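Undergrad: Structure below; questions to follow.
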Amino acid sequence: MSSSKNLASGNDPVPNRIHARPVPRPGRLVAAAVVLVLAAMAANALITNDNFRWDVVWLYLRDIVIIRGVMWTLILTFGSMAIAVVLAVTLAMMRRSDNPVMRWVSWLWIWFFRGTPIYTQLIFWGLLGVLYPRLSLGIPFGPEFFSFRTDDVLTVFWLALFGLAFNESAYLAEIMRAGLTSVDPGQAEAAKALGMKDGKIMRRVILPQAMRVIVPPTGNETISMLKTTSLVVAVPLTFELTYATSAMGNRQFVTIPFLVIAALWYLLITSILMVGQHYLEKYYGRGFGTATGRRGRGKGPGGRQAAIAAAGTVKEDVNREVTP
Amino acid sequence: MSVGAGSTTAPADATDMVSVRAVHKVFGHGQEAVHVLKGVDLDVARGEVTVILGPSGSGKSTLLRCINELEEITGGSVVVGGDLMGYRKDAKGTLHRLHPKAVAKQRSRIGMVFQRFHLFPHMTALENIMEAPVQVRGMSKKAAKQRALELIERVGLSDRMEHYPAQLSGGQQQRVAIARALAMDPELMLFDEPTSALDPELVGEVLSVMQDLAKSGMTMIVVTHEIGFAREVADHVVFMDDGVIVETGPPSAVLDDPQEERTQNFLSHVL
C-alpha cells in the first residue's frame, strides 16, 4: 500500500522503513547542466537570428494557400493510409492462405512495392497516361465494353493517392502479418471449438488481439506518410504543404521562413496523430498487462501481478500462470 | 464400452452419444510421419462421464481433438449424437468432406475446455461467455447476457464477471472457460487436462465445478491425471498407451484391480 495518508498519520504499514542516503551521483548534475546550457544556446540561436524572419513566419503561417496545402496533405495522408490498410489486410490474409497462388501473388506485390523507391513509383504513375493512353473495360483477352482516355479519368490526384497507397500497403502488409502471427494459435482453436466460422474467428478473436501489435508501427507509418506526401510532386501533384510553401517562398525570394512554416505545420499534425495513437493503443491494450482499460482496474490477483510487473524488476512475465 | 484395436464391426448403441470406430491418426508424411492413434474404439453413452488416463504421448489429447474435428482423422469414423463428424456419406458409400461451415456447426454442439484455458483476453469474463451464443447462434445480446449471468453464477464467479482474464487466477479462468463452453448448450463436453496448468490449491475449485456438471447429467469425456476425480465421478475409466486403448471399465475395476501390466505400471507411478 502506497497511501500517503497512512504515512502522514504515522500508520506506515512498513514499521522499519529504510531511510538511507542515496548514492552520490555528481555526474548526473554536471550532465544535466551541460545539456541545459546547450539547449539554451540552441533556443537563443533560433530566436535572435533575424535570418529566420519570424515576422514573415507569423504573417504567412495561416495564409489561405498554406491552409489549403495542409488540407491536401491531410487528404493524401489519410486517404492513402485508408486504402493501404484495406489492401494490407487483404495481402496479409493472402500470405496466410492455403492457396499457393494467393500466397505467391501477395509475396510478389510486397516484393515489388518494397523493392523500388517511392519517388520512382510516383514518377511512373504520373507517366501512366503515356504508357497506356487508353484504358478499357471488357472481358480479358476478349471484347471491350467501353474505353476511356487515361488522363481524363485518372487525374494526378488519384494517381498520387493510389501511388502512395500501393507503396504503403506493402509495408503495412508485413506489419499486419507480424500482428496476426503474434496471436496464440490456441485462440483460434478455442473459437473453432465454440463453432465459430473462419471469418468470424478472424474478425472477433484474432484481429482485435493482433491490433495490439499492429497499432504502434501503423501509427509510425502514418506519421511517416504525412511527410512522404511531399514527394507527390513527382506525379506531379502541386497542392500539398511542402510544394505550396516552397513555391510561395520562391515567389517572395525568402526561402527559410516558408520552410519553417511547413515544419511547424508538420510538427503540429504529428503531435495530434501521436495523441490519437496513444488512445488507440490504450483501447486495443485492454485486458493485457498493466493497461487494464475500461473496467475493473487493479482488482483481483491480476492487479497485484500487474503491479509487480510494472515495477520492472522481475524478468519473467508474472502474469503468466501457466507452464509453457 | 468396446475394447481393443480395430474391431470395426462393433455396432453403435442407439443411446451412444459418442461412437469412435477404429480411429487412426497420423501426423506428417513419409519419413516424418508419426502414428499417434492406432485404431481406437470408444463408446460413450448419453449422460455418462468417461475419464481417459494414460502417460503423456499416449494419444489421449489427440483422441479428444479428433472427436470435435480439431484434428482430421486419418482412418476410421467418429459419430457424435448420430452425426458422422466431418464427412457426408453418399448412397454409394463414398465419403465427401464437409464444408468448413458444416463442420463449424457440428462443433458448436460440443463444448471443449483446454489445458491453458484460451479465454479471449480482450473480452471480460461475461463477454467471453456471451461471444459464441451471439456470434454463432445469433442470439440477442440481451438474452445472451441473461444466460451468461446464470452460467457465471453456476461457476461461482458473479463478482468477477467484469474482469478481464489477466485479472483472474488460473482456477477462475478455467471456470469461466467452462461457463463459456456451456453457453452453447452442448450435448457433450470435452475436457483436455483442465487442471494440469493450475497451481495445486486451485485444482479443487475447477474439479468441483466439473463434478456438479457431471451430476446434472452432462455427457463428459475428461482427459486428466486426477485419479481421485476419476474414482469419484467417472462411470468409465479408459487407460490409453501408445495410441491404443489398453484397458477400460468402471473405476473400481481399472483403478483398483487393473488386469493389464501397462495399466498396473502407470498407476503405481501416479498413485
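A short reminder: the numbers here are calculations on the coordinates, not readings from a lab. Everything numeric in this text was worked out from a predicted model, so none of it was measured. Backbone-built Cβ (ideal geometry, glycine too); neighbour counts: all protein chains shown.
Undergrad: Could you point to the residue in A:Ile201, A:Tyr171, A:Asn99 farthest towards the positive end of chain A's charge dipole, with +1 and -1 charges on the Cβ of Lys/Arg and Asp/Glu respectively?
TA: A:Ile201
Undergrad: Which whole number of Å³ per residue matches the convex hull of the alpha-carbon atoms in the stretch B:7-101?
TA: Spelled out: Cα convex hull of the stretch B:7-101, divided by residues, is 128 Å³.
Undergrad: Which order do the peptides B:150-157, B:259-266 come out in when sorted by mean C-beta neighbours inside 10 angstrom, highest first?
TA: Highest-to-lowest ranking by the protection proxy: B:150-157, B:259-266.
Undergrad: For the protein assembly as shown, give the magnitude of the charge dipole about the Cα centre (Cβ charges: +1 Lys/Arg, -1 Asp/Glu; no others), in debye to the nearest 20.
TA: The dipole of the protein assembly as shown has a size of about 2280 debye.
Undergrad: Putting +1 on Lys and Arg Cβ atoms and -1 on Asp and Glu Cβ atoms, find which of B:Gln172, A:Leu87, B:His118 reaches farthest to the positive end of the dipole of the protein assembly as shown.
TA: Farthest towards the positive pole: A:Leu87.
Undergrad: Using the Cα atoms of chain B, I'd like the radius of gyration and the largest Cα-Cα distance, Dmax, both in angstrom.
TA: 18.7, 56
Undergrad: Now for a different question. Post the alpha-carbon centroid distance, the stretch B:172-223 to the stretch A:6-57, in whole angstrom.
TA: Their Cα centres are 56 Å away from one another.
Undergrad: Viscosity 1.567 mPa s, temperature 4 °C: Stokes-Einstein D of the stretch B:28-157 from its Kirkwood Cα radius, in µm² per second?
TA: So the translational diffusion coefficient is about 73 µm²/s.
Undergrad: Just tell me how shielded A:185-191 is by partners: mean number of partner chain Cβ atoms within 10 Å of each residue's Cβ, no decimals.
TA: Average per residue, whole number: 6.
Undergrad: Then there is this: Got a sec? Charge dipole of chain B, +1 on Cβ for Lys and Arg, -1 for Asp and Glu; which of B:Met210, B:Ala102, B:Ala253 is way out at the positive end?
TA: So the residue furthest toward the plus end is B:Ala102.
Undergrad: Would you mind working out the magnitude of the charge dipole of chain A relative to its Cα centre, with +1 at each Lys and Arg C-beta and -1 at each Asp and Glu C-beta, to the nearest 20 Debye?
TA: 1300
Undergrad: Now a separate question. Given the alpha-carbon gyration tensor of the protein assembly as shown, what are the semi-axes of its equivalent ellipsoid in whole angstrom, ordered largest first, with each equal to the square root of 5 times an eigenvalue?
TA: Values for the protein assembly as shown, descending: 59, 37, 20 Å.
Undergrad: Determine one quarter of the surface area of the Cα convex hull of the stretch A:83-135, which equals its mean projected area, and express it in nm² to one decimal.
TA: For the stretch A:83-135, the mean projected area of the Cα convex hull comes to 4.7 nm².
Undergrad: A further question follows. If the cut-off is 17 Å between C-alpha atoms, which aspartates and glutamates fall inside it for B:Lys105, apart from same-chain ones fewer than 8 positions away?
TA: Leaving aside aspartates and glutamates fewer than 8 places away in the same chain, those within reach of B:Lys105 are A:Glu189, A:Asp198, B:Glu69, B:Glu71, B:Glu72, B:Asp83, B:Glu131, B:Asp185, B:Glu187.
Undergrad: Across peptide B:157-166, what mean number of C-beta atoms from other chains lies inside 10 Å of a residue's C-beta?
TA: Across B:157-166, the average partner-chain Cβ count within 10 Å equals 5.
Undergrad: Looking only at other chains, what is the average number of their beta-carbon atoms within 10 angstrom of each beta-carbon in B:132-144?
TA: 2
Undergrad: A further question follows. Evaluate the charge dipole of the stretch A:27-138 about its Cα centre and quote only its size in Debye, nearest 20, assuming +1 on the Cβ of each Lys and Arg and -1 on the Cβ of each Asp and Glu.
TA: For this selection, approximately 400 debye.
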